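To start, the structure itself, in structure tokens.
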Amino acid sequence: MAEIHRVAVVGAGTMGHGIAYVAALSGYSVALTDAQQEALPRAEARIAQLFARGVERGKVTTADRDAAMARLRVSPSMPDAARDADLVVEAIAERLSDKQALLRELEHVVSERTILASNTSSLPIASLGAATRHPGRVIGMHFFNPVPVMRLVEVVRGPETTDTVVQQSCAFAQSLGKTPIVVRDSPGFATSRLGVVLGLEAIRMLEQGVASAEDIDRAMELGYNHPMGPLRLTDLVGLDVRLAIAEHLHATLGDDTYRPPALLRQLVDAGKLGRKSGEGFYRWEDAR
Ligand code: CAA
């Protein structure tokens with residue numbers, strides 16, 4: 001299996017732009033693409049903001065910024081972005097059929113040695129691999145939001161994923177300054193299965209009038225030293241993303257713990273998706 005030099009990121013939303021930024025900063029040649037063309041200028045602006053914040057915080061030198069920016073390109077065409085990639089990370093919406101369709105398309109474009117990684121937070125890697133002719137190179141590489149700051153990558157090994165692909169994916173995560181954990185392909189992996197429980201219970205507590213959103217969050221921030229309470233975190237992750245994960249876990253684990261609360265559905269139906277839409281459990285001034 002060849003070494004990783006060139007990375008393509010498909011999906012330029014909340015996660016994709018962060019993954020592209022971190023990979024470029026870590027020395028990879030990166031191409032970022034999205035089927036929705038309007039997502040690309042938005043992602044470029046967000047990446048420019050990340051570079052500016054990195055320099056401001058003294059984490060990134062201006063020379064490193066310039067070199068990383070030169071290594072990063074945005075392309076409106078998936079085949080153009082992915083053609084030469086040693087590793088493709090897909091970070092498109094959390095819908096199995098869309099991800100399977102993308103992987104099928106990718107197989108026509110990339111070389112046989114290219115690793116196909118999914119940033120899925122809950123979908124089975126087995127089902128993603130089954131959509132391809134070479135499931136051995138399909139793996140989960142689950143990043144966390146905000147990608148530049150969060151230190152974990154959850155590497156999810158499908159039933160067919162080869163040892164080499166697991167090793168290379170872990171080495172890649174480490175080269176980004178992240179710590180990988182390897183998790184068996186099981187519903188919600190390690191992080192979503194645990195994290196979603198707290199988020200959903202907080203929403204149920206809000207529905208039942210146990211306390212205000214601010215105070216439920218303060219309970220976990222001050223009482224348990226979580227950096228961010230579960231409702232604010234749901235806003236950061238995206239209410240639609242959390243709902244999709246909860247629905248999937250409820251269906252696969254069959255446990256009422258994962259049944260999505262009515263309030264979560266109502267907010268998503270009203271377009272209140274959290275930070276990215278400007279409002280969720282809180283109002284966000286710096287939406288997008
Ligand atoms: N480039 C490089 N480094 C950067 C940077 C940038 N653009 N921006 C910030 N940093 C660095 C900072 O310099 C700082 O470094 P030091 O700790 O060495 O000083 C570090 O990153 C932290 O940055 P901030 O000071 O801005 O962070 P903060 O203390 O204000 O915390 C937070 C913000 C990280 C978001 C924190 O509130 C937090 O951890 N919240 C919880 C986030 C979380 O749980 N995310 C997971 C969500 S679940 C998910 O994503 C998975 C899913 O499937 C849905």
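This table checks each residue for (1) touching a helix residue (DSSP H, G or I) at 6+ places or on another chain (Cβ under 7 Å); (2) exposed (fewer than 14 other Cβ atoms within 10 Å of the Cβ).
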position: I203; (1), (2): yes, no
position: A213; (1), (2): yes, no
position: E221; (1), (2): no, no
position: D235; (1), (2): yes, no
position: R242; (1), (2): yes, no
position: A246; (1), (2): yes, no
position: H250; (1), (2): yes, no
position: G254; (1), (2): no, yes
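Do any residues in segment 50-68 that are open to solvent by 50 Å² or more (accessible area, probe 1.4 Å) and part of a helix (DSSP H, G or I) have Cβ atoms under 6 Å from those of residues that are modelled with pLDDT of 95 or more and within 8 Å of the ligand (Cβ to nearest atom), where the two are at least six apart or on different chains, and which pairs are they?
R65/F51
Go over the candidates A20, A82 one by one and state the one that is closer than 23 Å to L236 by Cα, open to solvent by less than 40 Å² (accessible area, probe 1.4 Å) and either of a type in the set (D, E) or in contact (Cβ under 8 Å) with a residue 24 or more places away in the chain (or both).
One residue alone meets the criteria, A20.
Can you confirm whether M15 is at pLDDT 95 or above, aliphatic (A, V, I, L, M), open to solvent by 20 Å² or more (accessible area, probe 1.4 Å) and within 16 Å of the ligand (Cβ to nearest atom)?
Yes; evaluated as a whole, the condition is true for this residue.
Within segment 215-259, count every residue that is farther than 22 Å from H142 by Cα, in contact (Cβ under 8 Å) with a residue 12 or more places away in the chain and within 16 Å of the ligand (Cβ to nearest atom).
Taking segment 215-259 and keeping what is farther than 22 Å from H142 by Cα, we get 215-225, 254-257, 259.
Filter once more, so that each one left must be in contact (Cβ under 8 Å) with a residue 12 or more places away in the chain: 216-217, 220, 257, 259.
Still in the running and within 16 Å of the ligand (Cβ to nearest atom): 216-217, 220.
Residues that pass the stated criteria total 3.
If we keep just the residues of segment 109-138 that are within 16 Å of the ligand (Cβ to nearest atom) and within 16 Å of V7 (Cβ to Cβ), which is farthest from the chain's Cα centre (by Cα)?
A117
Look through V155, V197 and report the one residue that is in contact with a Ser or Thr (Cβ under 8 Å, 6 or more places away or on another chain), outside any loop (DSSP other than H, G, I, E, B), open to solvent by 40 Å² or more (accessible area, probe 1.4 Å) and within 25 Å of I92 (Cα to Cα).
Step by step, each of V155, V197 is checked, and only V197 is in contact with a Ser or Thr (Cβ under 8 Å, 6 or more places away or on another chain), outside any loop (DSSP other than H, G, I, E, B), open to solvent by 40 Å² or more (accessible area, probe 1.4 Å) and within 25 Å of I92 (Cα to Cα).
Could you tell me which residue of segment 21-35 is farthest from H5 (Cα to Cα), considering only residues that are of a type in the set (S, T, Y) and outside any helix (DSSP H, G or I)?
Of everything passing the filter in segment 21-35, T33 is farthest from H5 (Cα to Cα).
Considering only residues that are within 16 Å of the ligand (Cβ to nearest atom) and more than 26 Å from T161 (Cα to Cα), look in segment 28-47 and name the one that is most open to solvent (accessible area, probe 1.4 Å).
The residue in question is E44.
The values are calculated or read from the model by the stated rules, or taken from the named source; none is laboratory data. This is a predicted model, so every value here is computed, not measured. Note: ideal-geometry Cβ built from the backbone for every residue, glycine included; neighbour counts use all protein chains shown. Areas reflect the complete protein model, heavy atoms only, side chains present, ligands, DNA and RNA absent. Shrake-Rupley method; radii C 1.70, N 1.55, O 1.52, S 1.80 Å.
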